[in-house]
Amino acid sequence: MLFDLDGTLVDSVYQHVLAWREALAGVGIDLSVWRIHRRIGMSGGLFVNALLRETGRVLEPEQIRDLQEAHVRLYQEQLARVKPLPGARRLLDRLTDLGVPWAIATSGNRASALATLDILGLAPEVVVTREEVEHAKPDPDLFLTAAARLGVDIAESVVIGDSVWDLLAAQRARALGVGLLSGGYGREELERAGAYRVYEDPADLERHLDEVGVRAEVVSPER
């Protein structure tokens, strides 16, 4: 199982949105939160290019780099407000107990990813970040690389993500896509992007692991 991070395992999407809004305001680009949210999950470079296209602004490469660095810094300042999503750690622990290989594949940079993983109390063996691939989501590179490092066939993998960009990347990688509503996208949007199943959050997914091909014992409500 190949997991996105922000909005999938940790409740951090809106911290990223606010960090981007403040970073953009710093270069004179004033955008509504909803416009920024629609692009969360893409790589930083694609994200900036898409917003510049929408606003008609032109920035020099150095300004774009400064903008991305500002976003990272402003997100780090909000880390204290980021929390694990319900059931995230339990889900990953259960997959480990069942012998199901899993990895993290995120469009974020490594510094932000590791800081976010600390919130989950995790140090996964396989974490693939933006710096390690040629193209980020919606290209499939992150998930292809994660599967390769796990030593598994991408066609036998399940991608878990909260955004349409995750699911488009899953389709292009030839993996099964499963959507979570915990990042703010609607069920129909995720299904249109290729989600085989959609669940509320990691806790809901854990209750339905059998539906995505994980053979596991039935968990009683008391557990």
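The values are calculated or read from the model by the stated rules, or taken from the named source; none is laboratory data. Keep in mind it's a predicted model, so treat the numbers as computed, not measured. Positions of Cβ are generated from backbone atoms using ideal geometry, with glycine treated the same way; all protein chains shown enter the neighbour counts.
Residues that are acidic (Asp, Glu), within 17 Å of Asp6 (Cβ to Cβ) and part of a loop (DSSP other than H, G, I, E, B) within the range 111-133 are absent altogether.
Please indicate, with yes or no, whether at least one residue in the range 28-40 is of a type in the set (A, V, I, L, M, F, W, C), closer than 30 Å to Leu98 by Cα and part of a helix (DSSP H, G or I). Can you show your working first?
Just the residues of the range 28-40 that are of a type in the set (A, V, I, L, M, F, W, C), to begin with: 29, 31, 33-34, 36, 40.
Add one more test, that the residue is closer than 30 Å to Leu98 by Cα, and what stays is none.
Scanning the range 28-40 turns up no residue that is of a type in the set (A, V, I, L, M, F, W, C), closer than 30 Å to Leu98 by Cα and part of a helix (DSSP H, G or I).
Confirm whether Val178 is more than 22 Å from Leu79 (Cα to Cα) and touching a Lys or Arg at 6+ places or on another chain (Cβ under 7 Å). Outline the logic, then answer.
Details: more than 22 Å from Leu79 (Cα to Cα): yes; touching a Lys or Arg at 6+ places or on another chain (Cβ under 7 Å): yes.
Considered against the rule, which asks whether it is more than 22 Å from Leu79 (Cα to Cα) and touching a Lys or Arg at 6+ places or on another chain (Cβ under 7 Å), Val178 comes out as yes.
Residue count for the range 61-105 under the criterion of being of a type in the set (A, V, I, L, M, F, W, C), in a helix (DSSP H, G or I) and over 19 Å from Ala25 (Cβ atoms): the result is 7. Scanning the range 108-122 for residues that are closer than 11 Å to Gln76 by Cα, surrounded by 18 or more Cβ atoms within 10 Å (Cβ to Cβ) and of a type in the set (A, V, I, L, M, F, W, C) returns a single hit, Ala113. Screening the range 134-222 for helices (runs of 4 or more DSSP H) wholly inside it with 1 or more residues that are β-branched (Val, Ile, Thr) and crowded, with 17+ Cβ neighbours inside 10 Å returns the ranges 141-150, 164-173.
What about Val33, is it free of Cβ contacts under 8 Å to residues at least 40 places away in the same chain and surrounded by 21 or more Cβ atoms within 10 Å (Cβ to Cβ)? Break it down stepwise before answering.
Details: free of Cβ contacts under 8 Å to residues at least 40 places away in the same chain: yes; surrounded by 21 or more Cβ atoms within 10 Å (Cβ to Cβ): no.
In short, no.
In the range 124-169, what residues are of a type in the set (Ser, Thr, Tyr) and within 26 Å of Val17 (Cβ to Cβ)?
Result: Thr129, Ser163.
Take Glu125 and tell me if it is in contact with an Asp or Glu (Cβ under 7 Å, 6 or more places away or on another chain), in the same structural domain as Arg207 (by TED's automatic domain parsing) and among the acidic types (Asp, Glu). Answer is no for this residue.
In the range 15-27, the qualifying residues are those that are out of contact with any strand residue (DSSP E or B) (no Cβ under 9 Å at 6 or more places or on another chain) and without any contact (Cβ under 8 Å) to a residue 24 or more places away in the chain, and the one that is surrounded by the fewest Cβ atoms within 10 Å (Cβ to Cβ) is Ala25.
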